[in-house]
Amino acid sequence: MEFYTNIQNPFWAITIVIALVIATVYTVYFYRRKQTIYSKIQRLTLSITKFIYALLLSILVLSPLVEIIKNLLEKPMLVLAVDNSSSIANDEENARFVRAFISDIKNEAGQKFDIETILFGEQTLKSDSVDFSFLRSNYTSFFRDAEKRYYNRNVGAYVMIGDGIYNEGPNPAQVLKGLNAPVFTLAIGDTIPKTDQSIINVAHNPNVFLGNSFPVEVEAGFTEFPYQSTQISVYLAGKLIKSEQVSIPQPDFYYRNTYYIDADKAGLQNVTVVISPVHEEENTDNNRHSFTIEVHDNKKKVLMLSEGPHPDIGAITETLEKQANYQVSTAHIAQFNKNINDYDLLVLNQLPARSNQNMAIFDTIKNSSIPLLIIVGQRTSLAALNNLNRGITMTPGLQTEESSAWFNENFALFSLPSKIKNVEEIYPPLISRYTGYELDGNYSVIAHQKIKDIEMNYPLIAAGENDQRKTAIIFGEGIWRWRLREFQYFDHQDAFNHLFVNIFNYLSLEEKQEQFKISYERIVSETNRVEIRAQVFNEVFEAVTNAEVNFTLSDSTGNELNYVFDSQSTGYRLNLGLLPPGHYDFEASVTLGDKDFLKQGRFSVQEVNIENQNILANFNVLNNIAGTTGGQFFTSNNYQQLIELVKNSSKIKPRVYQEKSINELIDWKIYALIILTLMSLEWFLRKFWGGY
């Protein structure tokens with residue numbers, strides 16, 4: 001414990017205080033001592049008592065501060081990482097073992113460790129309720145979460161329990177560098193191959209064009225298969241479309257074939273690929289794969305103009321070409337000689353540029369009503385861009401800066417990807433212009449600029465309708481890096497593709513001026529929450545946010561559920577949560593004054609059966625994780641050794657740290673109590689010994 005005071009020279013101040021206290025005591029009990037009624041011992045007792053409490057009182061004049069240092073002991077943490085995916089529960093014995101192991105290690109190591117249980121799969125969460133309900137296995141998600149969750153924590157060890165099967169995310173061995181403790185892996189499951197037929201993968205386009213044939217590429221695997229042939233069938237909307245007898249030349253065999261299916265009906269259609277099961281198979285869930293496509297009856301023409309090839313154009317083109325309702329053309333601005341009005345949507349990449357800002361084509365674009373996507377880059381002439389009269393004003397200048405994205409959660413023109421907040425952390429910054437920004441009030445900002453980790457109000461991506469013409473603007477170049485970085489981290493580009501498909505869908509959708517609008521995803525995975533958005537306008541098309549918007553959802557069996565939208569600043573939102581696979585019909589309604597408005601629609605929730613595609617445990621993955629992090633690999637046969645090793649490890653120790661607190665001495669109740677007690681004692685003794 002240490003004492004401080006706000007006096008500049010505390011030594012001299014305390015010396016003076018002590019001197020004054022001694023003088024006071026001397027005056028009271030020793031001055032004219034011949035006349036005192038107290039004996040020498042009594043006078044000495046009273047003077048000591050008075051000296052102590054007088055000194056304690058006088059010290060308060062110096063406003064002393066007391067620093068208290070406590071040594072605290074923090075037990076090490078033991079993190080139990082449990083693969084909560086449904087493949088674990090395919091064998092009920094494995095599920096029972098996992099629950100029993102968790103109970104055992106908590107009972108035996110609970111005194112030494114603070115134990116936390118983390119479940120991982122398609123998500124990562126802290127919970128003791130192990131139910132093996134997750135529909136995907138993503139080991140990488142746990143390690144990335146652990147880096148953040150346990151940063152600077154006293155983690156003694158991680159114990160990972162699983163079968164080593166991952167079907168989402170990259171190889172977990174690639175993301176182990178940020179862990180602060182070894183990982184001890186406990187492998188469960190069966191590694192002995194059994195007779196099995198499985199659909200490994202089905203590649204298809206979720207959007208196809210009416211009247212076209214669309215390809216469905218089927219990959220199948222055969223393990224310990226005792227027959228020389230099997231039957232593969234393809235169904236469209238429950239109707240058999242294709243069926244073939246497939247030759248199997250050897251017991252372990254890989255098969256791939258592409259089936260072409262005619263899209264002869266618009267709307268949502270179910271497609272199912274089935275391998276006929278055989279008697280010897282234990283797992284027949286992986287013999288079937290179902291998915292949903294949407295057949296469109298119109299196709300939008302997109303023209304991308306630039307001064308030459310650019311990776312941003314390549315990234316957007318690659319995304320759109322996966323959508324059956326877009327036909328993409330690219331052209332050099334100086335060589336383009338076709339009619340602009342033949343296209344449904346126009347992309348200007350860094351145009352008008354400083355080198356071509358006076359071309360006549362820009363007057364044609366300015367006077368056209370074709371929706372625009374404008375990408376502002378280092379070559380863009382800001383003055384010429386302002387002259388397009390798209391409700392954008394940027395102060396001309398040549399300086400650039402790096403701007404990261406932070407996405408607007410209240411954006412309501414269309415839905416943003418559900419994982420957009422996850423990817424914004426890893427998206428590289430764009431090269432934007434260091435300038436002033438003014439946007440027409442009809443624009444909504446999709447993402448703002450973040451400059452040097454400071455969230456600014458400058459727009460990075462915006463969209464809106466100006467003079468009855470839809471326009472979207474990206475105020476920076478380098479979006480191709482977003483797509484590349486997302487693939488590096490997550491082994492897919494779902495968020496990037498979702499974002500830009502929705503931007504193009506918004507731009508290309510020919511909307512009537514309606515007082516009631518509904519937007520939603522037509523095809524949703526069963527692992528994603530279903531969100532519906534609505535907008536309500538009065539007769540002069542001003543947004544109304546205080547109406548009651550009702551929603552009725554019907555499933556394929558005719559069951560109905562009723563909901564009410566939540567009102568937000570820019571519209572209405574309804575989160576239906578996770579829904580079982582199937583087709584759903586809905587009705588949304590609202591009343592404005594004496595008018596009733598009704599919207600109907602349909603969407604499909606797509607089944608995720610990926611956990612049953614492969615149930616053969618992969619112990620090599622868990623062995624590599626343990627070896628890379630300095631842990632050890634165990635199986636269910638020697639799990640007790642794992643508990644003993646962790647419990648008795650001399651390397652895992654508590655952490656001792658100091659906790660400091662500074663308080664004013666006058667706030668101490670015990671201090672005041674001591675003074676009051678001594679004053680009372682002096683008064684009592686004086687009265688007891690006959691004094692005054």
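The values are calculated or read from the model by the stated rules, or taken from the named source; none is laboratory data. Computed from a prediction, not measured in an experiment: that's the story for all the values here. FYI the Cβ positions are ideal-geometry reconstructions off the backbone, even for glycines, and counts take in every protein chain you see.
Points worth noting:
- Boolean, L398 is among the aliphatic types (A, V, I, L, M), closer than 27 Å to E455 by Cα and surrounded by fewer than 20 Cβ atoms within 10 Å (Cβ to Cβ): yes
- Count of the stretch 151-198 residues which are part of a loop (DSSP other than H, G, I, E, B) and farther than 20 Å from V130 by Cβ: 19
- G397 being small (G, A, S), farther than 24 Å from R379 by Cα and part of a loop (DSSP other than H, G, I, E, B): no
- Taking the listed residues I275, I241, I232, I200, the one that is modelled with pLDDT of 90 or more, among the hydrophobic types (A, V, I, L, M, F, W, C) and surrounded by fewer than 18 Cβ atoms within 10 Å (Cβ to Cβ) is I241, with no other qualifying.
- When we screen S418, S444 for residues that are part of a loop (DSSP other than H, G, I, E, B) and closer than 30 Å to A324 by Cβ, the only hit is S418.
- Candidate set from the stretch 499-549 (those that are touching an Asp or Glu at 6+ places or on another chain (Cβ under 8 Å), polar (S, T, N, Q) and farther than 16 Å from D596 by Cα); member that is modelled with the highest pLDDT: S508
- Selection status of N575, over 25 Å from A405 (Cβ atoms) and either modelled with pLDDT under 85 or not assigned by TED's automatic domain parsing to the domain that holds I446 (or both): no
- Taking each residue of the stretch 38-56 that is farther than 25 Å from Y671 by Cβ and looking for partners that are charged (D, E, K, R) and surrounded by fewer than 18 Cβ atoms within 10 Å (Cβ to Cβ) with beta-carbon atoms closer than 8 Å, six or more apart or interchain, yields R43/R33.
- Flag if N337 is assigned by TED's automatic domain parsing to the domain that holds N466 and farther than 26 Å from N497 by Cα: yes
Yes/no per residue for (1) within 21 Å of E401 (Cβ to Cβ); (2) assigned by TED's automatic domain parsing to the domain that holds M394; (3) surrounded by 20 or more Cβ atoms within 10 Å (Cβ to Cβ); (4) of a type in the set (K, R):
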residue: N442; (1), (2), (3), (4): no, yes, no, no
residue: M456; (1), (2), (3), (4): yes, yes, no, no
residue: E465; (1), (2), (3), (4): no, yes, no, no
residue: T471; (1), (2), (3), (4): no, yes, yes, no
residue: R481; (1), (2), (3), (4): yes, yes, no, yes
residue: D491; (1), (2), (3), (4): no, yes, no, no
residue: A495; (1), (2), (3), (4): no, yes, yes, no
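- Any chance I365 is in contact (Cβ under 8 Å) with a residue 40 or more places away in the chain, among the hydrophobic types (A, V, I, L, M, F, W, C), out of contact with any Ser or Thr (no Cβ under 6 Å at 6 or more places or on another chain) and surrounded by 16 or more Cβ atoms within 10 Å (Cβ to Cβ): no
- Flag if V234 is of a type in the set (V, I, T) and in contact with a helix residue (DSSP H, G or I) (Cβ under 8 Å, 6 or more places away or on another chain): no
- E294 being surrounded by 15 or more Cβ atoms within 10 Å (Cβ to Cβ) and more than 30 Å from L135 (Cα to Cα): no
- Of the candidates E644, E682, the single residue that is surrounded by 17 or more Cβ atoms within 10 Å (Cβ to Cβ) and of a type in the set (D, E, K, R) is E682.
- Some residue of the stretch 602-610 being modelled with pLDDT of 90 or more, surrounded by fewer than 17 Cβ atoms within 10 Å (Cβ to Cβ) and of a type in the set (S, T, N, Q): no
- Annotation: T471 fulfils all but one of (1) modelled with pLDDT of 90 or more; (2) of a type in the set (S, T, N, Q); (3) touching a Gly at 6+ places or on another chain (Cβ under 6 Å); the unmet one is (3).
- One residue stands out in the stretch 1-59 among those that are outside any helix (DSSP H, G or I) and among the hydrophobic types (A, V, I, L, M, F, W, C): the one that is modelled with the lowest pLDDT, namely M1.
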